[in-house]
Every structure is written in structure tokens, then in C-alpha cells.
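Reviewing the structure listed below.
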Amino acid sequence: MRILRYLGPRLLLAAITLTGVAVLVFISLRLIPGGFADIVLGPFVTPESRAILTERFGLDEPGWVQFFKWFWALLGGDFGVSLVTQQSVIAELLRRAPVTGELALLSLFFALAVGLPLGVASAAATARGGGRIGRTIGALGASVPDFVLGSLFIFVFSVWSLGLKAGGYTPFFEDPIENLLGMVLPAVTLGVFGMALILRTTRDAVLRVLTEGHVTAAVARGETPRQILRHHVLRNASVLILTVSATYFGYLLGGAVIVEVLFSVPGVGFYIYSALLNRDYAVVQGGVLFVAVIFVLLNMLVDLLYVVIDPRIGAKRG
Amino acid sequence: MSALLHAKDLVVAYETGRGRVQALDSLNLTVEPGETLAIVGESGSGKSTLGLAVGRLLPAVALKESGSLTLQGQEVFAAAPDALRRLRRDLLGFVFQNPMSALDPTMRVGRQVSRAAGGCGTAEMQALLVKAGLDEPERVAASYPHELSGGMAQRVVIAMAIARGPALLIADEPTASLDVSIRARVMKTLLDLQKDAGASLIVLTHDLHLAARSCQRLAVMYGGRVVEVGRSATVLSRPAHPYTRGLLAAAAGNEAPGEDLKPIPGLPPLLRQRAPDCSFAPRCPFAEARCTDLRPEARELDRREVVCHLAERVLVEASR
Amino acid sequence: MVAALTSLWRRDRLSALAFAILALLVFLGVFGPWLPLGDATQVAAGPRLSPPTWAFPMGTDELGRSFLPRVVEGIRYTFLLATVAVIITAILGTLLGMLAATVGGFLDMVVARVADVLFAFPALLAGLLVAAVVGPGAASVITVICIATLPLFMRVVRSASLSLAERGFVIAAQVAGATTWRVILRHILPNVMSVAIIQITYALSIAMIIESALSFLGLGAQPPRASLGSLLQVSSVYLTIAPWLVGFAGLTLSLAIVCVNLLGDSLRDAVEPLPGRTLT
């Protein structure tokens, strides 16, 4: 019951956010100079195909009617049809989503596995007056763009074959080992930024918790630094770390465009990017919305996790 | 040598952005086993610094510059990390002003209490809660701190402080953040448990009445020094230091409970170094030329120790 | 200035080094065209894809142009776009943040929500959408950078202003009948400047990443203009036969961003130091 009262307003906000994104996407694609039909159909437009398009998108109707028709179809799961291949956009997105999902999960795993321990160590070092190394790793990791790092990996691994594949995707269910070998480099390329992000967040969050009264109280009870970190700091710090991880995961789900292109991973980002190059705006439109939906759902999930981690949150706002 | 706590010429200073600020100015104090001592003073008098110094809990910007502080003969500021932790665990129990911030918000109360008791079982943990005056130990143990009232949370903190049978309890304004209606009862619990455990108790407070009611001895702090110390009844009935006198006049019994004692004109001093004179002189109605020339030292007078050149005159005034 | 730098060097070598490198890059970007580094546009100035030599310190590109002046041109364009975009977003975001905190109510809610949505949205995806609408080039790069960095300012400035708005002097000014704008400009702005400036450094690093990423995807700088990202894109075709091209362009870009981030970190540490506490 308390959970419901906590989640209710969030569901409403999520719905409002998604509607807002839909409106923005709709308007922005109607703003493309030259008119929707001309852009979509190119210079060699025949009156028949123009009529078909006008019919399908209701282009002769007022803007808001067009929007509601389109939006209504969206709610029914109809994201439209690719203008190039005539395939259903949602079917293609759903086919590619697991690929991007796998990449994102692997990257997140890398980022957390490396970033969390480094962050805690760096916080402990900073509290003792040091922490230079953590600071430098954090700044470096957050600064090297993924396409620079990816290019470096591709060069190194294509000149000296070191067991990992740089580019070329094998579906997981065809050959899981090959699939993972091919995914390691793109995942690490994407994950380095996240590692730095989580390192910095963890360090800041831990340092902030260290100044709280209950940590002083634990010190006063004679607990060891290890006990204090483990029992009284990490869980308190994890709310902030979780928020940042979730934002990062969302970025991975939608923002893996460059790495997918660089390593030829057939994911959602690659799909949207190629669609843009082909001027397949129906796919761009559907793809952006798809990512937005996933993003909002993810944030809801995180809101739920908060309640589990920090008992105060559900109570305070519920 | 039998003293539980002995501070001798203790100097602690804070390194701040605007230079060094001296919080304890050659402080001397002794606490005997089993006794109760109230340390009274305005904010800025150094009483909180003293409380933290006993457990070497001062923030990193605070430095012990000279003097010594011993607990059962062990030098606190020379202890190795392990020895220091053992000392905190076995000898000390702290009760902080705000119980809500002293408890871990993400851990159930029961687990916090049993961890404080060295990982004891449920029965022992609940017994501790009952001892601290919590009637429904199961419910309290299963709660998170934010689900408790301030008074209940402070009782939990007290339970944790006595969990390992400390030799010395240090309570910094233990009731100031609580509802007026329950202050007396929480204070009584603290005193009962202290007596049971045979521990000594130091209460840091600005509330003279609380101090008088609960503690056998009273130390008045000003400018980082103990300016008067003796039996509570002696000191309060016939104060020998003008500052004690001022505090007493300000707290003449009709102020609302918890209200700050303010009607002594002026502000407590901000010391840069060892005071060369009496740091109360600028606010003192008795002050003479020698008060600003010569640093007064502690001396015995009328069954208490006092740091004032003019204590005799103050005593005479008081008896009138 | 010199004294300040030497004291920074003594206190924090890393930040001082970052500052020096950044100053050098800015100098190259601003005065590059007038420095004797070679001609960025002369095709077939040397052999194609030559490795670094004395005549061509960074080698030559696929058209035989000297790569060093191309990289300097890239620094110039990347820094220019990033700076322009960040100036726009800093002014806009700071004003919106202060306004939301001072006026409160509905406006505050809208600003907070918009910041959440923008913050949540993957910048590159927004980039694809904007490029689809506006077309590739400087305008869409600047738009995307603004979209991505606006929430940085709105959030931080809003919360800083909120805590200010509850302080006595702001309330006093309001009671005394000062207009909202006067309160914002006279009383709040001077006090949120420091947090805004820290955000500017982070926004700059994000801006450089976005600019080069969009250019790398062919949606940013269009030939014959070169940005560090578009240089990387073109060079990456020759990655295996002329790796030094990607190396120089990538190193320059990464170095610039690292330096900006390091400076941001040390600024932040100076303005809001985390109070340290040891656990012993």
C-alpha cells in the first residue's frame, strides 16, 4: 500500500514525460525543411506514392489530428513501418534490443566491477590525505572519448591478434563463446567511461557519508575502519551510486551508437544511425521513442530499488 | 594514579582557514571511578572539544599540541590504532546530542544494538533495550531509526553506550534535542544505568539545573579552561568565580527549560594562543588591572578549585 | 598571475600541468593560422599518408596535406564550437535555475522536470534527432551540446539558489520590495557564480566529447572544415596503414578533455572541499 502511494505519482510523471517526448519527436520531424512527404520520398516522387503516404500519415489533416492518430497507434504498439524496407519498426527494434542490452549489461558489469572497489579505495586514501591516483584514473577515464579508445583497441587487436575479436558480431545462441569474445572490446570501450563515473561517484558518496554523525558514533564505539566501511558506509552511499549507475545504464541503452558503429554490433543505436543516413525518418522516430520508453521504465525500477535500500525514502514521501 | 580520567595541561587547537584557534587552553581535570561530573559552559567554551578529545574523536583539523590525557593510566593521544579502538570499545560509551544522526539510518535498530554489544544474541540485545527503558523491545529492534521518536532513539543510543559495560560514559547534551516532557525521564535512565554499571559519567551541558540535579561534581568551563570545579552543591550555593555567578544569575530558575543562558554581556573569547591574562576579564563585573595583566592559575579555596584572582571577593559577594 | 601559478604548482602539480597544457592548446587554437606550422589546405604538400618526419611532424593525410596544421585547425574548430555552446547554455541554465528557485511554484516544477528529462535523454540520440531536423553542421552540434549540458546548470544553480533564498538577506530584499529580477541579479547571482563556474568546466568537457562524437559520425564539422572528431573519422579509415594519424588526433582530443576535467576537479575541491575524516 505504501509502495503504491510512493509509485503512483511516479507512474503519472513517467506517463507525462513519455507524452512530452512523443510530442517533441513528432514536432521535430515535421520541422524538417522541405516537407515530410518530399523528404521521405525523395526527388522522384510520383503522385501515386505521394497519395499513399498522405493517406497513411493523414498528411491532409490538421497537425493535432495527425498527432493523435499517430500517438494512438503508438499506444497500441504500432511504431510504424520503415520507409526503406517496409518492415515493421517495432519488430526490428525488438530483434535488436537484446544485442544492445547484452552490450549494456557487460559494460555496466565492467564499470561496477572496476569502479566500485577503486572508488572505495580512493575515498579511503582521500580521507587519509592522499587519493591522487584515484583522482587521476577518474579524470582519465571520463575524458578519453569512446571512439578514440575503440580505435586504439581495434588497432591493437587487429595488428596483433590477441584472442579477442575487434568487430564482427556472432549471435549469442549460435556460438556463445564467439559472441562473448566479440563483445569484450566494445563492452570495455563503453565501460571505461562508466568506470570513471562510478569511481568518482563512489568516492564522493563515501566521503560524504564519512562525515555523518553515525560514522563518528561507530568510530566512538571502537569499530575498525573495515567494519565501518562495510556496515555503516557502503549501504548509505549506495543510493547515490545506484542513481548514477541507472543513468549510465540508460545512456548505454541509447547512447551506444558510436561503439556499435565502430565494432559493427547490430544493435539499436546502429539501426537508428543507419536509418538516419538513409533518411528513413520513420525508423529514427520510432527508435528514439523506443529508447525513451526503456529509459523511463528503467528509472521507475530504480525508484523501486531506492525503497529497498534506504528505508527512509518510502516512508518520507509515501 | 587511581583516577579514571586525568587531563593535564591539555592544549588542543583547530587549524582553520583563518588561522589557528585554541579550543583547550592548558586544561586540567580529573574524574574518579564511579563519580558523576557535569561540565557546564556556553557554546565555544571548549566542552565539546574536551568530550571528543577523551575518545580522540576530534576532527582531522584539530591537533593536540601539548599536555596529556590519560584513561586508566593509558595516554589516549599516544595509543596505537588498535589500542585506541580497544580503549573506545572497552572503556568508553558516548551519548550524542542528536540520537537520529548517531544511528545508522539504513540498519535496523536491533542489529545496531547487538553489533554495539559485540555481536550478542537477540535475548541479550532485547534485555539491553529493556534496561534502557524501552518497553517493547521486539518492535523497537525491528524498526529503523526514523520510525522511532527522539526519546526512544536516545534510549537506543544509551543502550548501545552501556552495552559493553564501559568505565566512563560521556553524554554531550543528551537531552537537549528531546521533547521537554521526556527529558527528565531519559536523564534518569542514563543515571540509573550508569549507577548499575558502576561507570563514571560526564555530562556536557549548558543547562545548569540539569547539571545540578544529576551530577555530584560540577566543572565550569570558560575559554578552554576549567575555571571552577567542586561539589555541585558547594559550587552552586556559593560560586567563587564571577562566570559561575553570572551563569547562575542568568539561570535563576524561571527561564523556560532548554533556553540558552545569555544575559552575561559580551561573547566568549576566540583564543589564538595561550591566554596571557584572564580571558573572562572583558565581561567580568569584578575585573581589576591585574586580571588583564596576569594569567590566573587554579587554586584551592573553600572546598573547590577556582581560577580567579578575585575569588575571595566573589565568595563574599555571594554569601551576601 | 605568475605568483598564483607557482603557488598552484606547489600545491597541486597535476592541476598546474593541466592548466599549462590547456593554455598551450588554446594558444594554438587561437593563433594557429598565423603560426609557421605549415599550410592546412595545401593538397599534395608531401607524399600521401607519410609517417611523421621533420617536414611533417605529424605526418601527412590521405591527400598529402600536412597533418599538424590540420590538427591545429581541428583544435580551433572543436574549442570554438564547445565554447560558444557552453556560453549559451551557461547563461540560459543559470538564469533558469535562479528563476525557478526564486519564483517557485509551477515554474520551478516545470524546470525541475525539464532538467530531469533532458538529463535522462542520451545525448547522442538527441544528436541524431537534431541532425535529422536541422541537418549536419555547427548549428546542430551547438543545439545538441546545449540540450545535454543545460540540466547541469539548471539543477546545480537551482539547488544553490534554493538554499540562498531561505537566507535572511534574500528574504529581507524581497520584503523591502525588490523585484524578482533585482533579487536574482543583485543577491543570488553573485552567490551562485562559483558553482556555475565549476559546472562550466564540466560542461566544456562534455561539449568537446559531443562535438567530436557528432563529427566522428559525420554529423558535425563538414569538409573542408576539420574538427578533432572529423579528423578522427577520416583517419580511422587508414587506421591500420597510418595509425599515427588517429594517434595524434585522438591524443590531442583526449588531452584537452583530461585537462579540462582535472581543472574542474581542482576548482571544485577548492570551492567545496569535502571535509575529511579518518576512520581511526
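The values are calculated or read from the model by the stated rules, or taken from the named source; none is laboratory data. In this text, all values refer to a predicted model and were calculated from it rather than measured experimentally. All Cβ positions, glycine included, derive from the backbone under ideal geometry; neighbour counts span all protein chains shown.
Computed values, structure above
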| read-out | value |
| --- | --- |
| Residue match in the stretch C:261-275 (condition: within 30 Å of C:Pro47 (Cβ to Cβ), more than 8 Å from chain A (Cβ to nearest Cβ) and either of a type in the set (Lys, Arg) or buried (at least 17 other Cβ atoms within 10 Å of the Cβ) (or both)) | no |
| Members of the stretch A:217-226 found to be at pLDDT 90 or above and outside any loop (DSSP other than H, G, I, E, B), listed by number | A:Ala217, A:Ala218, A:Val219, A:Ala220 |
| Residue that is farthest from B:Arg238 (Cα to Cα), among those in the stretch B:278-307 that are in a loop (DSSP other than H, G, I, E, B) and charged (D, E, K, R) | B:Arg295 |
| Boolean, B:Pro282 is over 24 Å from B:Glu173 (Cα atoms), modelled with pLDDT of 80 or more and surrounded by 13 or more Cβ atoms within 10 Å (Cβ to Cβ) | yes |
| Any hit, the stretch C:150-159, residues being hydrophobic (A, V, I, L, M, F, W, C), over 30 Å from A:Met300 (Cα atoms) and buried (at least 16 other Cβ atoms within 10 Å of the Cβ) | no |
| Helices (runs of 4 or more DSSP H) contained entirely in the stretch C:71-177, each with at least 3 residues that are of a type outside the set (A, V, I, L, M, F, W, C) | C:105-120, C:138-165 |
| Scan of the stretch C:215-244 for residues that are facing chain A (nearest Cβ under 10 Å) and not small (Gly, Ala, Ser), ordered by number | C:Phe216, C:Leu217, C:Leu219, C:Leu228, C:Leu232, C:Gln233, C:Leu239, C:Thr240, C:Pro243 |
| Any helices (runs of 4 or more DSSP H) falling wholly within the stretch C:188-280 and containing at least 1 residues that are of a type in the set (Phe, Trp, Tyr) and under 16 Å from the mean Cα position of the chain (by Cα) | C:189-216 |
| Lone qualifier among A:Gly138, A:Gly131 - being in contact with a helix residue (DSSP H, G or I) (Cβ under 9 Å, 6 or more places away or on another chain), surrounded by fewer than 21 Cβ atoms within 10 Å (Cβ to Cβ), of a type outside the set (Asp, Glu) and in contact (Cβ under 8 Å) with a residue 60 or more places away in the chain | A:Gly131 |
| Check on C:Asp108, modelled with pLDDT under 80 and either among the hydrophobic types (A, V, I, L, M, F, W, C) or closer than 24 Å to A:Val257 by Cβ (or both) | no |
| When residues of the stretch B:89-107 are limited to those that are assigned to a helix (DSSP H, G or I) and crowded, with 24+ Cβ neighbours inside 10 Å, the one farthest from the other protein chains (Cβ to nearest Cβ) | B:Pro99 |
| Among residues of the stretch B:120-152, those that are over 18 Å from B:Ala102 (Cβ atoms), assigned to a helix (DSSP H, G or I) and in contact with a helix residue (DSSP H, G or I) (Cβ under 6 Å, 6 or more places away or on another chain), counted | 3 |
| Residue ID - modelled with the highest pLDDT, chosen from residues in the stretch A:241-268 that are of a type in the set (Val, Ile, Thr) and within 18 Å of C:Pro151 (Cα to Cα) | A:Val244 |
| Flag if B:Arg213 is among the charged types (D, E, K, R) and modelled with pLDDT of 90 or more | no |
| Selection status of B:Arg313, closer than 23 Å to B:Ala233 by Cα and either modelled with pLDDT of 90 or more or not in a strand (DSSP E or B) (or both) | yes |
| Which listed residue is free of Cβ contacts under 8 Å to residues at least 40 places away in the same chain and more than 26 Å from the chain's Cα centre (by Cα), from C:Leu63, C:Leu129, C:Leu35 | C:Leu63 |
| Any chance C:Thr102 is over 18 Å from the mean Cα position of the chain (by Cα), in contact (Cβ under 8 Å) with a residue 60 or more places away in the chain and crowded, with 22+ Cβ neighbours inside 10 Å | yes |
| Unique residue being within 11 Å of chain C (Cβ to nearest Cβ) and surrounded by fewer than 22 Cβ atoms within 10 Å (Cβ to Cβ) when the list is A:Val291, A:Val261, A:Val283 | A:Val261 |
| Residue among C:Ala82, C:Ala40 that alone is modelled with pLDDT under 85, under 21 Å from C:Leu228 (Cβ atoms) and in contact with an Asp or Glu (Cβ under 9 Å, 6 or more places away or on another chain) | C:Ala40 |
| Residue within the stretch A:107-129 that is more than 13 Å from every other protein chain (Cβ to nearest Cβ) and more than 30 Å from A:Pro225 (Cβ to Cβ) present | yes |
| Selected residue (criterion: farthest from A:Ala256 (Cα to Cα)) from residues of the stretch C:185-226 that are of a type in the set (D, E, K, R) and modelled with pLDDT under 85 | C:Arg186 |
| Looking only at the stretch B:183-204, and only at residues there that are assigned to a helix (DSSP H, G or I) and β-branched (Val, Ile, Thr), the one that is surrounded by the most Cβ atoms within 10 Å (Cβ to Cβ) | B:Val186 |
| A:Asn278 being surrounded by fewer than 24 Cβ atoms within 10 Å (Cβ to Cβ), more than 18 Å from A:Ser107 (Cβ to Cβ) and more than 14 Å from chain B (Cβ to nearest Cβ) | yes |
| Failed item in (1) touching a helix residue (DSSP H, G or I) at 6+ places or on another chain (Cβ under 9 Å); (2) touching a residue at least 24 places away in the same chain (Cβ under 8 Å); (3) not β-branched (Val, Ile, Thr), with A:Asn278 passing the rest | (1) |
| Subset of the stretch B:56-88 [under 17 Å from the mean Cα position of the chain (by Cα), closer than 19 Å to B:Ser2 by Cα and either in a loop (DSSP other than H, G, I, E, B) or among the polar types (S, T, N, Q) (or both)] | B:Thr70 |
| Top-ranked residue in the stretch A:215-239 [being more than 28 Å from the chain's Cα centre (by Cα) and among the small types (Gly, Ala, Ser); ranked as farthest from the other protein chains (Cβ to nearest Cβ)] | A:Ala218 |
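Per-residue answers, yes or no, for (1) away from every other protein chain (no Cβ under 14 Å); (2) surrounded by 23 or more Cβ atoms within 10 Å (Cβ to Cβ); (3) under 23 Å from A:Arg95 (Cβ atoms):
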residue: A:Leu181; (1), (2), (3): yes, no, yes
residue: A:Pro186; (1), (2), (3): yes, yes, yes
residue: A:Leu190; (1), (2), (3): no, yes, yes
residue: A:Ile198; (1), (2), (3): yes, yes, no
residue: A:Thr202; (1), (2), (3): no, yes, no
residue: A:Leu210; (1), (2), (3): no, yes, no
residue: A:Gly213; (1), (2), (3): no, no, no
